[in-house]
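See below for the structure under consideration.
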Amino acid sequence: MRTAVIVFPASNCDRDAAVALEKITGQKPHMVWHRDTSLPANIDFVVLPGGFSYGDYLRSGAIAARSPIVKDIVAKATKGLPVAGFCNGFQVLTETGLLPGALMRNKGLKFVCRPETLKIVNSKSRFTKRYGDKKEVVFPVAHHDGNYFADEATLNMLEKDGRVIFKYADNPNGSARDIAGICNKAGNVFGMMPHPERAIDPLHGGTDGIELFKSILGAI
Amino acid sequence: MKAIIKVGLKPGVLDPQGRAIARGLNDLGYYSVNDARQGKIIELDLSSEDKVEAKKQVEEMCEKLLANTVIESYDIRIED
């Protein structure tokens, strides 16, 4: 199993993601620098980590989405490569257009940093199938721009097609229809604002994230 | 040649920062302020010679990077 974590200037969850991937796969992921023009050969799964890539300049995730490595990721994701973006990684994925919508400033204007209960809306997706009958998980959130926005037609389409994977039980940021995580039409690209990679060890306060990584990696 | 680009949230998209600004102005006693919208201005220094061509290029830049057209609209002014 060959995995990769992309490292942007001011990524700050890249090592959390690396620890999570190593814990599940038993192999260290490739840490890939944002100026690289292509992923290492035969990568099975890519994580775009949380953080504040490029200092959140212009818009959160905007500059990262145009970086050389992300161009290669977009090309490969379009052909089916599994990619997940957590927090800033989700913002990057919406900025590339791989996922619809945008993440705006939190409705309450405050940076929200706390454990958040999420409802598993689609437990059949490749990202959640290992949760079985579990209805809720607790992942930490830590963001200022997590307010998910899309037009009504897009929101209806996402819900109808089972592409809303997680919803907040208690919406912390004003996201439309309480949406916390979505996937693309083909089901290989997934983004969420909360941090499953920070919920994989009892010392994190919970281990609900483990099954998410097992779901994704088991599906490859 | 200069391009001055105004980027802001589209009408209808909730602007929590704008709303906070309006509330702040109300708190200062400016009760005539009903609402505020906040955006940004980007100035580009261009080496282009042709205004029409420059505007076309800046439009492309807005679509590709400077604005997120899911939530934002933009307005371009080209100056000598």
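Derivation of every value follows stated rules applied to the coordinates shown; laboratory data play no part. Values in this document were obtained by computation on a predicted structure and should not be read as measured data. Glycine gets a Cβ as well: all are built from the backbone with ideal geometry, and neighbour counts include every protein chain shown.
List the equivalent ellipsoid semi-axes of segment A:131-194 in whole Å, largest first, each obtained as the square root of 5λ for an eigenvalue λ of the Cα gyration tensor.
Its equivalent ellipsoid spans semi-axes of 18, 16, 11 Å.
What ranking of B:Ile41, B:Ile5 emerges when the number of other C-beta atoms within 10 Å of each C-beta is taken as an exposure proxy, fewest first?
B:Ile41, B:Ile5
Could you run the Karplus curve 6.51 cos²θ - 1.76 cosθ + 1.60 with θ = phi - 60° over segment A:46-58 and give me ³J(HN,Hα) per residue in whole Hz, x for Gly and Pro?
10, 10, 9, x, x, x, 9, 3, 6, x, 6, 4, 6
Put +1 on the Cβ of every Lys and Arg and -1 on every Asp and Glu Cβ in segment A:3-218; which of A:Thr154, A:Gly191, A:Val46 then has its Cα farthest towards the positive end of the dipole?
A:Thr154
Which angle between 0 and 90 degrees, to the nearest 10, do you get for helix B:16-27 versus the longest principal axis of chain B when only C-alpha atoms count?
So the helix axis and the longest Cα principal axis differ by about 50 degrees.
In what order do A:Cys183, A:Cys87, A:Cys113 fall by count of nearby beta-carbon atoms within 10 Å, going from fewest to most? Mind showing how you got there, number by number?
Working: A:Cys183 26, A:Cys87 31, A:Cys113 12.
Ordered from fewest to most neighbouring Cβ atoms within 10 Å, A:Cys183, A:Cys87, A:Cys113 come out as A:Cys113, A:Cys183, A:Cys87.
Give the separation of the Cα centroids, segment B:45-80 to segment A:147-164, in Å.
Segment B:45-80 and segment A:147-164 have Cα centres spaced 30 Å from each other.
Beyond 18 Å, what share of the Cα-Cα pairs of segment A:99-173 is found? Please give it as a whole percent. Please list the in-between numbers first.
Values: 1306 of 2775 pairs.
Here the tail beyond 18 Å accounts for 47 percent of pairs.
For chain A, what does the helix formula give at 222 nm: sum of -39500 (n - 2.57) over DSSP H segments with n ≥ 4, over the residue count, nearest 500 deg cm²/dmol?
Computed mean residue ellipticity for chain A: -7000 deg cm²/dmol.
Report the label-to-label distance for A:Ala169 and B:Asp45 in nanometres (one decimal), using points 7 Å from each Cα along the Cα→Cβ vector.
A separation of 5.5 nm, rounded to one decimal place.
Compute the distance in nm between two label points, each set 7 Å from the Cα along the Cα-to-Cβ direction, one at A:Thr37 and one at B:Asn26.
Simple spin-label model gives 5.5 nm for this pair.
Just to be sure I understand the model, the point goes 7 Å from the Cα along the line to the Cβ. What's the resulting A:Lys214 to A:Asp133 distance in nm?
About 1.7 nm separates the two model spin labels.
Straight-line reach only, C-alpha to C-alpha below 17 angstrom: list the aspartates and glutamates that B:Lys56 could link to, leaving out same-chain residues fewer than 8 apart.
B:Glu43, B:Asp45, B:Asp75, B:Glu79, B:Asp80
At q = 0.09, 0.16, 0.17 Å⁻¹, what base-10 log of I(q)/I(0) does the Debye formula yield for segment A:3-218 when every alpha carbon is treated as an equal point scatterer in vacuo?
Debye output, listed in q order: -0.29, -1.02, -1.18.
Using the scaling law 2.2 N^0.38 Å as the reference, what is the normalised Cα Rg of segment B:2-79? Working shown, then result.
Details: Rg = 15.7 Å, N = 78, 2.2 N^0.38 = 11.5 Å.
Normalised Cα radius of gyration, segment B:2-79: 1.37.
Regarding segment A:1-91, what are the three Cα extents along the principal axes, ordered largest first, in Å?
37, 26, 18
Express in whole angstrom the spacing between the alpha-carbon centres of segment A:62-84 and segment A:178-201.
Value for the Cα centre distance between the two parts: 16 Å.
Please give the residues of segment A:189-217, grouped as numeric ranges, whose backbone N is less than 16 Å from a label point set 7 Å along the Cα-to-Cβ vector of A:Ser123.
A:208-209, A:211-212, A:215, by backbone N distance to the label point.
So if we plug the beta-carbon distance of B:Arg19 and A:Asp44 into 1/(1 + (r/R0)^6) with R0 = 45 Å, what FRET efficiency do we get, rounded to 0.05?
Computed FRET efficiency for B:Arg19 and A:Asp44 comes out at 0.50.
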